[in-house]
1. Search segment 296-312 for residues being aliphatic (A, V, I, L, M) and over 22 Å from residue 253 (Cβ atoms), and hand back the single one that is surrounded by the fewest Cβ atoms within 10 Å (Cβ to Cβ).
2. If you take the residues in segment 122-151 that are in a loop (DSSP other than H, G, I, E, B) and in contact with a strand residue (DSSP E or B) (Cβ under 7 Å, 6 or more places away or on another chain), which one is nearest to residue 249 (Cα to Cα)?
3. Within segment 170-184, can one find any residue that is buried (at least 23 other Cβ atoms within 10 Å of the Cβ) and under 25 Å from residue 77 (Cβ atoms)?
4. Select from segment 264-295 the residues that are part of a strand (DSSP E or B), in contact (Cβ under 8 Å) with a residue 40 or more places away in the chain and either of a type outside the set (Val, Ile, Thr) or closer than 19 Å to residue 216 by Cβ (or both) and list them in ascending order.
5. Which numbered condition in (1) within 12 Å of the ligand (Cβ to nearest atom); (2) modelled with pLDDT of 95 or more is the only one that residue 162 fails?
6. Scan segment 35-57 for residues that are under 19 Å from residue 129 (Cα atoms) and in contact (Cβ under 8 Å) with a residue 40 or more places away in the chain and report the count.
7. Select, from 256, 196, 209, the only residue that is more than 14 Å from the ligand (Cβ to nearest atom) and either part of a helix (DSSP H, G or I) or not acidic (Asp, Glu) (or both).
8. Identify all residues within segment 217-233 that are under 18 Å from the mean Cα position of the chain (by Cα) and either modelled with pLDDT under 95 or buried (at least 22 other Cβ atoms within 10 Å of the Cβ) (or both); write none if there are none.
Amino acid sequence: MHTKITTPENDRFLRACRSESVDCTPIWLMRQAGRYMPEYRALRDRYTILEMIRTPELAAEVTMQPLRSFDLDAAIIFADILTLLDELGLGLRFIEGEGPVFDQPVRTTGDLKRMEPRPPAESLAYTLDAIHCTLDKLENRIPLIGFSGAPYTLACYAIEGRGSRDFPSAKKVMYTDPELWDQLMGLLADQVGDYLVAQVEAGVHAVQLFDSWAGSLSPQDYTRYVMPYSQRVYAKVRACSDLPFIHFATGSAGILKEIHQAAGTVTGVDWRIRIEEARELIGPDVPVQGNLDPLALLGPEEEIKRQAGAVLDAVKGQAGHIFNLGHGIHKTTDPGKVKTLVDFVHAYSRRET
Ligand code: CP3
């Protein structure tokens, strides 16, 4: 189904995603809604993160919070990549100081069989409702980005049951039980693809696929064990829409070509590689998103401007650049520094029209 979407008044982000000319470089920030903002913490004092995500009105409010303080060129729906696993029955809890934990991780074929996948349009209807609610509030001013975790990153959490530095249990399944790996990745690819399609049908203007832990893989293993499933996700979305599709992984310098080959019209770039080098690797015409070190925002204003200016200088005003951090914003970031960054990126990149 092709959903009719109207172009927002500020379409810099969408134009850059299509390598079209822009008046200045668009900017949005991964995790732009979150604990670094006092107004977010005020709501978090009253609700858990899952309550905020599952209550469309609250999720929409949190989505809008950073837009009131900063001149951002896109909104991203407030949700989390892990709700999809929770809705498969894995029992998600966020533990203060420890992060996400699943009470029923998937380690055996029996665990997999216990999962009862429902269409994400039903199981994750609260996020689709939050998208409708946010679109009402945005009044077509700027675009709204939808997102999902990628099959590999979700499989890592599903098998491990919690965050990890190198995901040994997940890799053990990948190497020792390829059948279980294929079944789990296949199930997740279908769920993720259907979830992104449902978000497109709900009216988002672009989607981002977060494969946050793909940087833990060799290019060979990425190609063999992961790429076919991210390709399946991309094919599902492409079958119903030609909206911008951003594919992002961290620590991905060694697999950027593969990331680009697997999925997406825009490639996310983290800060561990020069953005011009990333462009050489994946092709100069491929739009890129990135790539300031999120912790640069902990430095003084002059340092933030120097580093952000260096990213913009490296891109040399070429078409197809969306400014972003190389990963999510850190919770100790001073909101005043975020304003400095956003205003600087617009002013420094302003092109004469
Ligand atoms: O970008 C946005 O503003 C949209 C919201 C968003 C959240 N999580 C909200 C959130 C997005 C896009 C995510 C993605 C996400 N979630 C990823 C992929 C991106 C990345 O950072 O690599 C991952 C790996 C997760 C899993 C996750 N969710 C973790 C590890 C944690 C705990 C982090 C911590 O510091 O405690 C979360 C919780 C979470 N998701 C928070 C937010 C704002 C903080 C929770 C809180 O309010 O207590």
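The values are calculated or read from the model by the stated rules, or taken from the named source; none is laboratory data. All figures in this text were calculated on a predicted structure; none of them were measured in a lab. Counting neighbours? That spans all protein chains shown, and the Cβs are built from the backbone with ideal geometry, glycine included.
1. 298
2. Filtering first and then ranking leaves 150.
3. no
4. Matches in segment 264-295: 268, 289, 292.
5. Residue 162 satisfies all of (1) within 12 Å of the ligand (Cβ to nearest atom); (2) modelled with pLDDT of 95 or more except (2).
6. Residues that pass the stated criteria total 8.
7. Just one listed residue meets the conditions, 256.
8. 226, 229, 230, 233, listed by residue number.
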